[in-house]
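Single-structure report; data block below.
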Amino acid sequence: MARGEFRSGGGGAGCGSGAGAVSGAENVKSVKNVESVKSAESVKSVKSVKNLENVKSAERTESVKSGKSLESGKSVGNGKNLKNVRSLPLLEDWFHGAVSLEHRQEGIKPWRIPFRDYDLYPPDGIGGKAEICSGIRLRLTTDSGVLLLWFEPLAEEASLDCVADGRLVQTLRLAAGAGEARFTGLPPGVKELEIYLPQNTGMTISGLAIDDNAVAEPLADRRPRWVTYGSSITQCVAASSPSRTWPVIAAGEIGYHLTNLGFSGNCLMEPMAGRLIRDLPADLITLCVGVNIYGAVSSSPRMFKPLLIGLLETIREKHTETPMVVISPIYGTERETEENPLGFTLPLMRREIADTVTLLQARGDHHLHYLDGLEWFGPSDGELLTDGLHPGPEGYELLGSRFSGRLAAALQGGMLHQ
């Protein structure tokens, strides 16, 4: 696996204190997050944009790393000559929702783990799911009517969304092997754009371009930070498009900056997952746990509660007062009554989760809360499951629209960060 240069910085909300208040400057310093204020090197590279038409390939590679842009009309992104557009410097400041950004020769690859620690997340970076871009987006302010995006060829079919001023304006369905996306006919005037990357595959971004006479700037996101951990039901592969996953819908409703740690088939409460969440800045943490442990038969009833206690206590090492909500499995048809090989059913799992939260609350954790998954998505919603386990597009929309109300109830009326 190729390894490139990693850059990150501070900025944004830190570890929560009280009901969503910002605190823990020491924690923020110890976290490498990608929504950072521009580094001196990036600012310098933007000020010294150069014409790269005749430079050597090695210099082209360096331009990707430093954020230098290409002259209007020259070869951009994937090497095609285009008229009436100009490229944008490839900077980290465009990216939001990633844990780390890897600078490769081909461009910038976002990750949902620290990519330098890839080997510490076996197998293959949390089952190959950490490179998938669920929840990751590019943010910019621009007056361009066109936005072009280049990337390394897609490993499979995927969708990209363009959201303008909070409204979905275009979804592109791309075939496997595609390396270019063109959003055209964008709303006139200056607008805030978010380009949501696929929730089912990874991407390496190699170039961006806008209208030749337009301007664009990275769009900072200073909203409080929400980290959500879960399974395929949180990654949301079957959502209609990347901006229609339930975490993205919910983040828009509650006004939070989202980091989605949904790992399909791999929400197994590993120790490194707890360390990862512990080290991320967060003003709200939610954890949807259990269903992958049932399916993977990875833990017995004897070990389930100790694993959950270890996960929560690890996160609390730095997020001492951050509101944290543990969510038990949503309705799961035959899993409600059929024991897995180790004797688990979803009702038993829900009781173990609720008991664990009650135990830690009794020990003084007044910022820990429980949400019964059946109150979020219950038996009456079962027809929205595609296979008895996973919601389809309509089911994910429902989960997203219901989340803020269920969250408020779980917090027992506690105020979210406004």
At a 1.4 Å probe radius, carbon and sulfur cover how many percent of the accessible area of region 148-267? 46
Once Leu342 and Glu156 are pulled to full extension, the length gained, defined as 0.36 nm per residue separation minus their Cα-Cα distance, is 63.5 nm
Relative compactness, region 273-418, computed as alpha-carbon Rg over 2.2 N^0.38 Å: 1.05
Considering only C-alpha atoms, what is the centroid distance from region 326-347 to region 277-317, in Å? 16
Highest average packing first - 382-390, 121-129, Cβ atoms within 10 Å: 121-129, 382-390
Out of the total accessible area of region 283-394 (probe 1.4 Å, heavy atoms of protein only), what percent is carbon and sulfur? 51
So if I average 1/r over every pair of distinct C-alpha atoms in region 89-168 and take the inverse, what Kirkwood radius in Å does that give? 14.3
With a Förster radius of 30 Å, plug the Cβ-Cβ distance of Glu106 and Val215 into 1/(1 + (r/R0)^6) and report the FRET value to the nearest 0.05. 0.65
Taking only protein heavy atoms and a 1.4 Å probe, what accessible area per residue, in Å², does region 311-418 have with all protein chains in place? 45
Residue separation between Thr386 and Asp355 times 0.36 nm, minus their alpha-carbon distance, gives in nm 8.1 nm
When averaged across all projection directions, what area in nm² does the alpha-carbon convex hull of region 242-284 cover? 3.6
For region 354-395, alpha-carbon Rg over 2.2 N^0.38 Å: 1.64
Å² per residue, accessible surface of region 100-218 at 1.4 Å: 37
Cut-off under 18 Å on the C-alpha distance; same-chain residues fewer than 8 positions from Lys191 excluded. Which aspartates and glutamates are left, in chain and number order? Asp93, Asp143, Asp161, Asp165, Asp211, Asp212, Glu217, Asp221
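The values are calculated or read from the model by the stated rules, or taken from the named source; none is laboratory data. On a predicted model such as this, the values are computed, not experimentally measured, just so you know. So basically every Cβ, Gly included, is an ideal-geometry build from the backbone, and we count neighbours across all protein chains shown. For accessibility, only protein heavy atoms count, side chains too; no ligands or nucleic acids. Shrake-Rupley method; radii C 1.70, N 1.55, O 1.52, S 1.80 Å.
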